[in-house]
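The values are calculated or read from the model by the stated rules, or taken from the named source; none is laboratory data. Please read all numbers here as calculations on a predicted model, not as lab measurements. Counting neighbours? That spans all protein chains shown, and the Cβs are built from the backbone with ideal geometry, glycine included.
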Amino acid sequence: MTRASLQHFRIEGLDCAEEVAILKRAVGPLAGGEEGLAFDVLAGRMSVPAEVASARVVAAVAATGMHAEPWRAGAAAPRRLSRLAATAFSGAATLAGFLVHSLAGGGLLAALGAEAAPPPAARFLYVAAVVAGGWFVAPKAWASARALRPDMNLLMTLAVAGALGIGEWFEAATVAFLFALSLALEAWSVGRARHAVEALLTLAPPVARLRGPDGAEREVPVGEVAVGARFVVRPGERLPLDGVVLDGLSDVDQAPITGESTRVDKIAGDEVFAGSINGRGTLEVEATRPPGDTVLARILRRVEEARSRRSPSERWVDRFARVYTPLVFAGALAVAIVPPLAGADPRDSLYRALALLVIACPCALVVATPVAVVAALTAAARHGVLLKGGAAVEIPAGLATVALDKTGTLTRGEPRVVAVVPLADHDERQLLERAAALESSSEHPLGRAIRQRATELGLRPEAASRFASLPGLGAEGEIGGRAFWIGSHRMLEQRGQETPEVHSRIEALSLSGRTIVVVGNQDHVCGLLALEDEVRPEAAAAVRALHAAGIRRVVMLTGDHAPTADAVARRVGIDEVRSELLPDDKLAAIDELVARDGSVAMIGDGVNDAPALARSTLGVAMGGAGSDAAIEAADVALMSDDLGKLAWLIGHSRRTLAVIRANVIFALAVKAAFLVAALAGAASLWFAIAADTGATLLVIASSLRLLRA
């Protein structure tokens, strides 16, 4: 279903997977099934097919105890105090009722043990606490009961009703208050992560200072700025749009966009990004992208998409909760019914069953994973690492092998011509003219470098006619009515024109890691061009960091000549080199590595890397210089093109998994301990819910630590 065919609603009260399940049951029939709905818990948004009447959706959501309103892009989430007020009132009424109960009933211990029936005033306060605490829970419990799919809201409602039924007034009020408090804490935790992501929206200012042809400046909304318009950014201001510097000199803080820790000097001709912070100088910039297509806008879209893609841990917890809750419900019924049939005290059995319902509430377990995943996604985005979903948070922790492209990944992807070797009676200018004519329309980095060298020598050759690109090999065309070709050593071999002299020249030029481009015609080889691509300064340190992070093997996959690839590999510490690969060869290499090593990451930047990125266990694109095809195919984008961020991501993934596992183990351990206590008759209702609320709070606090990563 396309995004255009959906209508969106902001849902007040949508804070975790339990609410998603409730909404699916309530709204799913209107949408033709649950698969017609989409949810973004962090944004509090539900998407429904456009043909469903809005009023029917609002009414269906209202029946669950939640509130729906049409989504307005850019609108802040409504700040309603009703839940917080109800929780506070429930707590105050519980405390007041307990004080009245203890004063009239013989002391605190008597009130706690319910040895004396509470006076009418205390009962009134306890009931008021139950009503306030269950105000937002009871509608969800009713929806769950009607669907015959018990959830934690139904468990708590039955426990409170049962406690009132057997005269445990104080415990009923305490359970209602503490459960309402746990839900409020959960909503707060999601809200905190939500605000961390929404803070990205404020990075770009709402207006731009345009400069007209007459030099006059005027402020206009960013949405009205056209591509090609000129705007001025003064010292200390944020850039409103992506663009190219036309005039001025300054240092720019790009950390909000790329995660770079140091300011970057900008002069005329340099690219700048919306949301960056200008430094000491004034810049005049030409807008190169519309507001909806800036790097910042793309980041926001990808973070939004990532939030809707659930991680394996989240899916496991959901499956577990779907089985766990009905089993506990059945177990509680058995505890309430079976012992009395054998002569046990019915009131004592019912109390134990109620305690079991309270203890079994999966609240801490349900929030154990999604809050951690959202915090991890947000922290990574702040770090200049864009993850496209919850799975991309967890996969890096288990990587065994990392495969890297060479050009544009290990190197800057900006080669330069360092040697021109004319052959067969050609001179340097003739050779460069022919090479530049054949590369006149090429966007390949080698083609651009050849054209740049020809321009530096004052050459202006006409483009070759009958041009044809030969993917993975080179190109051919006609110059002055005569056929010429340009390409790699592989192309030379395939044409059968390699002589011992040419071979020795190529070998000599390739030993230092240079890339060799051959130019020839039907009769002979016209000459050789040697190009050199500068290795990224952080590449060697990044490979060492990968090894230190436990990666067993770092592999280079490149279409370049073997001597060039080997020279770069030696400089940066690569373990294994596979060179002279066509795009299909890279794909086959990834398949082979996955079959051999299991979990494999592929890092690349070009269109030819996109298939391998998509096939690998984890595709990582160089987000700054990478092609759109590579970024779309990848699971991760490194916005600052810093390879060192990959080792950081592996560590971040392991920290996230450690937090998730600790959360789940802790939540289950608390459940198990109090389950034994409940069956033994040693756990009271209020103590059980207090422990569950405490566990929920600790799980949330543990997860939010990842925001500081």
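Can you pull out the residues in the stretch 209-240 that are among the aromatic types (F, W, Y) and loosely packed, with under 11 Cβ neighbours inside 10 Å? Before you say what the answer is, go through the steps one by one.
As a first pass, look at the stretch 209-240 and keep what is among the aromatic types (F, W, Y): 231.
Listed by number, the list is empty, since nothing qualifies.
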Q. Which residues, taken from the stretch 507-521, are over 17 Å from L432 (Cα atoms) and either hydrophobic (A, V, I, L, M, F, W, C) or without any contact (Cβ under 8 Å) to a residue 12 or more places away in the chain (or both)?
A. A508, L509, L511
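Outside any helix (DSSP H, G or I), aliphatic (A, V, I, L, M), out of contact with any Asp or Glu (no Cβ under 8 Å at 6 or more places or on another chain) and not assigned by TED's automatic domain parsing to the domain that holds H547: is that true of V402 in this structure? Outline the logic, then answer.
Details: outside any helix (DSSP H, G or I): yes; aliphatic (A, V, I, L, M): yes; out of contact with any Asp or Glu (no Cβ under 8 Å at 6 or more places or on another chain): yes; not assigned by TED's automatic domain parsing to the domain that holds H547: no.
In short, no.
Could you look through the stretch 524-579, keep only residues that are part of a helix (DSSP H, G or I) and among the basic types (K, R), and pick out the one that is modelled with the highest pLDDT?
In this case the residue turns out to be R544.
Could you tell me whether any residue of the stretch 99-115 is at pLDDT 80 or above and either in contact with a helix residue (DSSP H, G or I) (Cβ under 7 Å, 6 or more places away or on another chain) or assigned by TED's automatic domain parsing to the domain that holds V358 (or both)?
yes
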Q. Taking the stretch 458-480, which residues are over 20 Å from I516 (Cβ atoms) and of a type in the set (A, V, I, L, M, F, W, C)?
A. L459, A463, A464, F467, A468, I479
Q | Condition broken by P29, with the remaining ones in (1) in contact (Cβ under 8 Å) with a residue 12 or more places away in the chain; (2) more than 27 Å from A132 (Cα to Cα); (3) assigned to a helix (DSSP H, G or I) satisfied | A | (1)
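Can you tell me how many residues within the stretch 569-596 are more than 21 Å from G474 (Cα to Cα) and out of contact with any Ser or Thr (no Cβ under 7 Å at 6 or more places or on another chain)?
Initial filter on the stretch 569-596 (more than 21 Å from G474 (Cα to Cα)): 569-577, 588-596.
After this cut, where a residue has to be out of contact with any Ser or Thr (no Cβ under 7 Å at 6 or more places or on another chain) as well, the list is 569-577, 588-589, 591-592, 595-596.
Here the count works out to 15.
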Q. Which of the residues spanning the stretch 405-439 are in a loop (DSSP other than H, G, I, E, B) and crowded, with 17+ Cβ neighbours inside 10 Å?
A. D405, R412, G413, P415, L423, H426, E439
Q) Which residues, counting only those in the stretch 118-176, are outside any helix (DSSP H, G or I), free of Cβ contacts under 8 Å to residues at least 40 places away in the same chain and under 19 Å from S82 (Cα atoms)? A) none
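How many of the residues making up the stretch 244-269 are in a loop (DSSP other than H, G, I, E, B) and at pLDDT below 75?
Of the residues in the stretch 244-269, 6 are in a loop (DSSP other than H, G, I, E, B) and at pLDDT below 75.
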Q: Kindly indicate whether any position in the stretch 522-530 is among the aliphatic types (A, V, I, L, M) and without any contact (Cβ under 8 Å) to a residue 60 or more places away in the chain.
A: no
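From the list E439, E478, which residue is free of Cβ contacts under 8 Å to residues at least 24 places away in the same chain and out of contact with any Asp or Glu (no Cβ under 8 Å at 6 or more places or on another chain)? It would help to see each step written out before you state the result.
Values: E439 fails: free of Cβ contacts under 8 Å to residues at least 24 places away in the same chain.
The unique qualifying residue is E478.
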Q.
Condition (residue is in contact with a Gly (Cβ under 9 Å, 6 or more places away or on another chain), modelled with pLDDT under 65 and not small (G, A, S)) applied to the stretch 277-298: is it met by at least one residue?
A. no
Q: Taking the options W169, W135, name whichever one is at pLDDT 75 or above and farther than 18 Å from G65 by Cα.
A: W169
**Q.** Among (1) more than 21 Å from A567 (Cβ to Cβ); (2) outside any strand (DSSP E or B); (3) at pLDDT 85 or above - the single one E476 does not satisfy
**A.** (2)
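Listed here are the residues, each with its yes/no results for (1) over 12 Å from L6 (Cα atoms); (2) modelled with pLDDT of 80 or more; (3) touching a Cys at 6+ places or on another chain (Cβ under 8 Å).
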{"position": "L37", "(1), (2), (3)": "no, yes, no"}
{"position": "V41", "(1), (2), (3)": "yes, no, yes"}
{"position": "V48", "(1), (2), (3)": "no, yes, no"}
{"position": "A53", "(1), (2), (3)": "no, yes, no"}
{"position": "G65", "(1), (2), (3)": "yes, no, no"}
{"position": "R79", "(1), (2), (3)": "yes, no, no"}
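Among the candidates A163, A193, A129, A143, single out the residue that is out of contact with any strand residue (DSSP E or B) (no Cβ under 8 Å at 6 or more places or on another chain), at pLDDT 80 or above and not assigned by TED's automatic domain parsing to the domain that holds T64.
Working: A163 fails: at pLDDT 80 or above; A193 fails: at pLDDT 80 or above; A143 fails: at pLDDT 80 or above.
None of the others qualify; the one that does is A129.
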Q) If you go through the stretch 483-497 one residue at a time, how many are in a strand (DSSP E or B) and in contact (Cβ under 8 Å) with a residue 40 or more places away in the chain? A) 3
